Amino acid sequence: MIERRAFLAVAGTTLAGGVLAACGSGGQDDSNGIATATGAEQSTAASADVSILNQALAVEQRAVATYQTAAQHLSGARRRTAQHFEAQERMHVDALSQAVLALGATPTTARDRYALPPLSDDDAVLRFTMGVEQIAVAQYLDLIPKLSSQNLRATFASILTVEAEHLAVLREEAGQEPVPDAFVGRGT
């Protein structure tokens, strides 16, 4: 019998491969995530990629704050899950920040505070964290094809996969169907 979380992990990996196939340039890219065009084209592509990276970075910073808050309101296994997800979101922040720095730019900084709804019980926390993950999935789906670098598209697809896995786990915790649709969409 296949364990549900193992199945979700495999499904997420398959999703990443599909996203990469749909968004790949088909060409060889040895740029390590940096646009390789020359002159003004390189500058414009790198500038666009920095903007996109910083948009994604802002989403990840909000996710870190969300899971910090969630962990404060949850207990037991749910708290451990929130802490684990927070650690993964921090890894995303680090990877995106490094990509911005590699392009010679400054990563966006996290806000001091984020607006949060009242989180009176576990259900409210789960609803809020699911909403944050839904926004992240939609953002990555929107941003991936806009990147000029195949390596950055691969990084974004990998992060998108993890966000979709988080959403599936949260849905299951909330008593919902973890993977309600055959395809991940912007309204997931």
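For the stretch 19-32, state whether one or more residues are of a type outside the set (Ser, Thr, Tyr), modelled with pLDDT of 90 or more and closer than 26 Å to ALA168 by Cβ. No; the residues of the stretch 19-32 include none that is of a type outside the set (Ser, Thr, Tyr), modelled with pLDDT of 90 or more and closer than 26 Å to ALA168 by Cβ. Counting only residues that are under 16 Å from SER120 (Cβ atoms) and charged (D, E, K, R), the stretch 60-100 holds 1 of them.
Of the residues making up the stretch 146-188, just one is of a type in the set (Phe, Trp, Tyr) and within 14 Å of HIS92 (Cα to Cα), namely PHE156. Within the stretch 100-137, track down each residue that is closer than 14 Å to THR66 by Cβ, of a type outside the set (Ser, Thr, Tyr) and in a loop (DSSP other than H, G, I, E, B). Passing the criteria: ALA110, ARG111, ARG113, ALA115, LEU116, PRO117, LEU119. Would the stretch 51-72 turn up any residue that is at pLDDT below 95, among the aliphatic types (A, V, I, L, M) and touching a helix residue (DSSP H, G or I) at 6+ places or on another chain (Cβ under 8 Å)? Checking the stretch 51-72: not a single residue is at pLDDT below 95, among the aliphatic types (A, V, I, L, M) and touching a helix residue (DSSP H, G or I) at 6+ places or on another chain (Cβ under 8 Å).
Just give me the residues in the stretch 62-81 being touching a residue at least 24 places away in the same chain (Cβ under 8 Å), more than 28 Å from LEU152 (Cα to Cα) and part of a helix (DSSP H, G or I), in sequence order.
Initially, the stretch 62-81 is screened for residues touching a residue at least 24 places away in the same chain (Cβ under 8 Å), giving 62-67, 69-70, 73-74, 78, 81.
This time we only want the ones that are more than 28 Å from LEU152 (Cα to Cα), so: 69-70, 73-74, 78.
Selection gives THR69, ALA70, HIS73, ARG78.
Pairing residues of the stretch 134-152 that are within 16 Å of ARG171 (Cα to Cα) with residues that are among the β-branched types (Val, Ile, Thr) and part of a helix (DSSP H, G or I), at Cβ distances under 9 Å and at least 6 apart in sequence or on separate chains, gives ILE135/VAL59; ALA136/VAL59; ALA136/ILE159. Any residue in the stretch 82-94 that is modelled with pLDDT of 95 or more, part of a loop (DSSP other than H, G, I, E, B) and among the polar types (S, T, N, Q)? Checking the stretch 82-94: not a single residue is modelled with pLDDT of 95 or more, part of a loop (DSSP other than H, G, I, E, B) and among the polar types (S, T, N, Q).
Residue-by-condition table, conditions (1) polar (S, T, N, Q); (2) within 28 Å of ALA99 (Cα to Cα):
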position	(1), (2)
LEU143	no, yes
GLN150	yes, yes
ARG153	no, yes
HIS166	no, yes
GLN176	yes, no
PHE183	no, no
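Scanning the stretch 173-188 for residues being within 23 Å of ALA157 (Cβ to Cβ), modelled with pLDDT of 90 or more and either surrounded by 10 or more Cβ atoms within 10 Å (Cβ to Cβ) or in contact with a Phe, Trp or Tyr (Cβ under 8 Å, 6 or more places away or on another chain) (or both) gives a total of 2.
Conditions tested, residue by residue: (1) within 19 Å of GLU173 (Cβ to Cβ); (2) surrounded by 22 or more Cβ atoms within 10 Å (Cβ to Cβ); (3) not acidic (Asp, Glu).
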residue	(1), (2), (3)
ALA65	no, no, yes
ALA71	yes, no, yes
GLY76	yes, no, yes
GLU86	yes, no, no
ARG90	no, no, yes
LEU103	no, no, yes
PRO118	no, no, yes
THR129	yes, yes, yes
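The values are calculated or read from the model by the stated rules, or taken from the named source; none is laboratory data. Please read all numbers here as calculations on a predicted model, not as lab measurements. Quick reminder, even Gly has a Cβ in these numbers, built from the backbone with ideal geometry, and neighbours come from all protein chains shown.
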